[in-house]
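Heads up: the structure comes next, in structure tokens.
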């Protein structure tokens, strides 16, 4: 099976941040339709990589599915029934190792706990990575801890290596960053000023390698 599934955080459909994020990346993750982007030079090329994944923060990294879709849906529903909604700290545009991304302005233990729970409780549905994928991941010069996470959980940036981020660009040159940072800050200024809660998680699918990720279903947190 080449299709993959993942668990994302994505703002609510009626949140202005959802509209702003879809427009910035140029694609709606729900409809998979293109969205007109802001008038920023080269933005279509600069956002090509994150556009494939959609506007989101990863909770459970993309995985090839072991087992059937219905059982996975049931497991996600049971998991979210035990997790309570919580307030998301304010977000800001940051330079994340050369990429622009939205990150929290203060620590959020419930957010970390949500990601940890998604990784651990849904791991039985994950097909382990093959040798080629392991070799590709290790080109990133992983720490011993990250390599251990890769072997155990199929991805190096989970648990203590995980951090919330909503990617906005590919890696930028210093000149590109100087131009894009003010544009992104201005574009997201209004929605980032609004309070928001994490009230659900999104089950996302990718039909084939290279295909765009799209939202399959939202599961409300009901704990």
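Read-outs: derived from the displayed coordinates by stated rules, not from any lab. Keep in mind that this is a model prediction, so the values were computed, not measured. In this analysis, Cβ positions are derived from the backbone assuming ideal geometry, glycine residues included, and neighbour counts consider all displayed protein chains.
Cβ-Cβ contacts under 6 Å between residues 6 or more apart (or on different chains), taken from a first residue in the range 100-123 that is at negative phi and without any contact (Cβ under 8 Å) to a residue 40 or more places away in the chain to a second residue that is surrounded by fewer than 21 Cβ atoms within 10 Å (Cβ to Cβ) and part of a loop (DSSP other than H, G, I, E, B), are listed as 105/89; 105/90; 106/89. For the range 13-56, a tally of residues being surrounded by 14 or more Cβ atoms within 10 Å (Cβ to Cβ), touching a helix residue (DSSP H, G or I) at 6+ places or on another chain (Cβ under 8 Å) and in a loop (DSSP other than H, G, I, E, B) returns 10. Suppose we keep only residues that are in contact with a helix residue (DSSP H, G or I) (Cβ under 7 Å, 6 or more places away or on another chain) and over 30 Å from residue 176 (Cα atoms) within the range 80-118. Which one would you say is surrounded by the most Cβ atoms within 10 Å (Cβ to Cβ)? My answer is 83. Within the range 128-150, being exposed (fewer than 13 other Cβ atoms within 10 Å of the Cβ), within 21 Å of the chain's Cα centre (by Cα) and more than 24 Å from residue 102 (Cβ to Cβ) holds for one residue alone: 136. Listed by position, the helices (runs of 4 or more DSSP H) inside the range 124-199 whose residues that are touching a residue at least 24 places away in the same chain (Cβ under 8 Å) and under 25 Å from residue 111 (Cβ atoms) number at least 2 are 174-192.
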